[in-house]
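Structure, as structure tokens:
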Amino acid sequence: MKITEDFRKSMGWLHTWAGIAVSCFLFMVFWMGSLAVFDSEIDQWMKPELRAAPTEASASIDDIALPILQGEANESPRFFMTMPRHRRPFYSVGWVNGDGEFERVQINPQTGEKVTPTESFAGTSFFYPFHYSLHLPDGIGYWIVGFSSVAMLVLIVSGIFIHRKIIKDFFTFRPKKQLRRSTLDLHNLTSMIALPFHFIFPLTGLIIFFSIYLPWASAVPFQGDDQEKFAAMFGNAAVEASGDPAPEIASLQSYVDRAEAIWSVRNGEPAKVDLISIALANDANANITLRETFPSRAVSMSRNMTVFDAASGDIISDAPAGPGRKTHAWLSGLHFIQFNSWSLRWLYFIAGLSGCVMIASGLMFWMRARIRKGVIEPRSVRVVRGLSIGSISGIILSSGAYLVTNRIMPAQYEGYLGLDRAYSEVVIFYLVWIASFIHAAIRGKAAWREQAWAIAATALAAVALNWITTGDHPVTAAAQGLWQIASMDLVLIAGAFAAIYAARKLGAQQPETGTDKAAAGAAGAAEPAMADAAVPAE
Amino acid sequence: MDMIIATLWLALAFVLSLAGCAMLAMTQKPHWRAITDSKSNPPKTAIPGWLCIAAALVPCIIRDGISFAMLLWPLIFALAAFSIAMTLTYKPSLMRPFSALLRS
């Protein structure tokens, strides 16, 4: 097929308008996704009680689980337990308490002591779900993210067609050239060099939630029966309550040993149980499910699951993954990155931020191009700029404010107006975010610079407050082996410097009059605006 | 010790990608002239460049196995490509020794 000028033009149209439609959402998803890469580290930063250097557990599974199973969780219909792993050094145990509420404790694997962490949604329950659900009710967020992901795939394909000099400009960035040119260079550079990453992430994101986006394939064969569906797809075993009292579980370790033996043969390498869950724990038909959710040395996740009958100890279900599930496990595993590879983790983080720069520079190029067409700023530019500032520097700023709030609020804070501590933090996040949109609407172009200063201040305040409230400044943290804390502080400091650099460059910028000549005069000014987007203000 | 060897494999993959990207960049006239500060014509190093980038997959596989290598390799390439692009933008003369090596 020959690429005609006409075809290129229509691809250009598609790229422009699909980009304008979803860029703000895509930026949120990329930003939160980049933070979610380090969700457990953010958790430990925000819940200082959980800070611990990774160590081998000395308390056994039975030491931890049995007292709870026979004690406070005696009447609970459900029970689960996750094992300490390199990024989460504590046992986590959950059950339903007497009031019907779900209760969860963290247990130190060395001492067996229960730890009550600071109440916060932190990385794993705030930033991470934000990445795929935007925290919107009724699954609306999943559909917005899904739609944006499809649009992203469209944007990548159309972008390749409209890019005239892929080879020639591959390594090219010209900050000193005309503003529009350097913005476009940055957009091309960040999209092309990490192209496989930018393509595979929206794709695997869609694949992870295939049953939400394409429910019909499984709706027909299972007639909407989810239990049957999960049994067929993943080997879950559904049981019905008998009403008789539960059998006594003498040891969970014995089940763990049996499952690990089976899986190790199947995988051809040692396998470990990551999760134990007991369904109908207070009934004679109780079953125990053991799962290998996140192997540390494999990309594929959820490789093995075995279900035992608690009364007889027999295996109820143990379905090895078929080719379909294996493919799904590899593709979703590469998106989840729960395996143990620090080099990949950092590369994902950097690639995620490069995606942020790609989106932000794309939006800015559009605004530049629009301004050039008319002498005065069109209203469309003002609207898009307001939305862009709010969803780019605004979300970075509110993420920083979330961290600062977490350190300012006392750990025992009871909350206010019926909101508990964890929700109070979230409220601050949204208030700052909304304020950033209002600020952008009032201040226009100057809002970029002002929010960049605010980001720098917030990031530095977070580091200082972490030092004041916990005593762990980067040096002491590193000396204790708390590299997760030291790195996070250092990234915050680096982010603050990047924001200061961006703010200063923006301050030096000439007032924009809208003509091509003036834009050329303000050489290099797009770049700080973009650097703004790249600020990793965790 | 294991960690040092793993880091060395990673460094080798990065250096190979870096060399590959540098060779690819040098085939472009503006980059070549910026690096050498001369009016000479760029060398034909595209094929060795691609070979270097392909070769970077080998240390990735040795270090982490094929599954991880499929993720590591493109991301290391991205980092190398970005480093070369930034060098060409801000200090192309840094690449002059390498260009001299290719000319000889």
Worksheet item: Add -39500 (n - 2.57) for each DSSP H run of 4 or more in chain A, then divide by its residues: what number comes out at 222 nm, to the nearest 500 deg cm²/dmol?
Response: -19000 deg cm²/dmol
Practice prompt. Have a look at the protein assembly as shown and give its Rg and Dmax from the Cα atoms, expressed in angstrom.
Written response: 26.7, 90
Discussion item. For segment A:51-101, take N as its residue count and report Rg(C-alpha) divided by 2.2 N^0.38 Å.
Written reply: 1.27
Response to the item:
Once normalised by the length of segment A:1-113, the mean sequence separation of its alpha carbon contacts under 8 Å that are 6 or more apart gives a contact order in percent of 20 percent
Worksheet item: Reported to two decimal places, what Rg/Rh ratio describes segment A:374-443 when computed on Cα atoms with Rh from the Kirkwood expression?
Response: 1.18
Worksheet item: What shape does segment A:340-465 have by the C-alpha gyration tensor, where a ≥ b ≥ c are the square roots of the eigenvalues, rounded means a/c under 1.5, and otherwise prolate means a/b greater than b/c and oblate the rest?
Response: oblate
Worksheet, complete the sentence: Note on segment A:219-322: alpha-carbon gyration tensor, axes a ≥ b ≥ c; rule is a/c under 1.5 for rounded, else prolate if a/b larger than b/c, else oblate; result oblate
Worksheet, complete the sentence: Whole-percent tail of the Cα-Cα distance distribution for segment A:270-377, cut at 16 Å, equals 72 percent
Item to complete: Starting from the Cα gyration tensor of segment B:39-87, take the square roots of the eigenvalues, sort them a ≥ b ≥ c, and report rounded, prolate or oblate (rounded when a/c is under 1.5, otherwise prolate if a/b is larger than b/c, else oblate).
Response: oblate
Worksheet item: For segment A:108-224, what's the radius of gyration and Dmax over Cα atoms, in angstrom?
Response: 21.2, 63
Worksheet entry | Rg/Rg_globular for segment B:17-104, with Rg_globular taken as 2.2 N^0.38 Å and Rg from C-alpha atoms | 1.16
Worksheet item: Which links in A:2/A:445; A:168/B:91; A:165/A:326; A:114/A:229; A:177/B:44; A:9/B:44 stretch past 30 Å when you go from one Cα to the other?
Response: A:2/A:445; A:165/A:326; A:114/A:229; A:9/B:44
Practice prompt. Two decimals is fine: what's Rg over Rh for segment A:1-42, C-alpha atoms, Kirkwood radius as Rh?
Written response: 1.33
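Values in this text are rule-based calculations from the coordinates and carry no lab data. Computed from a predicted model, the values in this text were never measured in an experiment.
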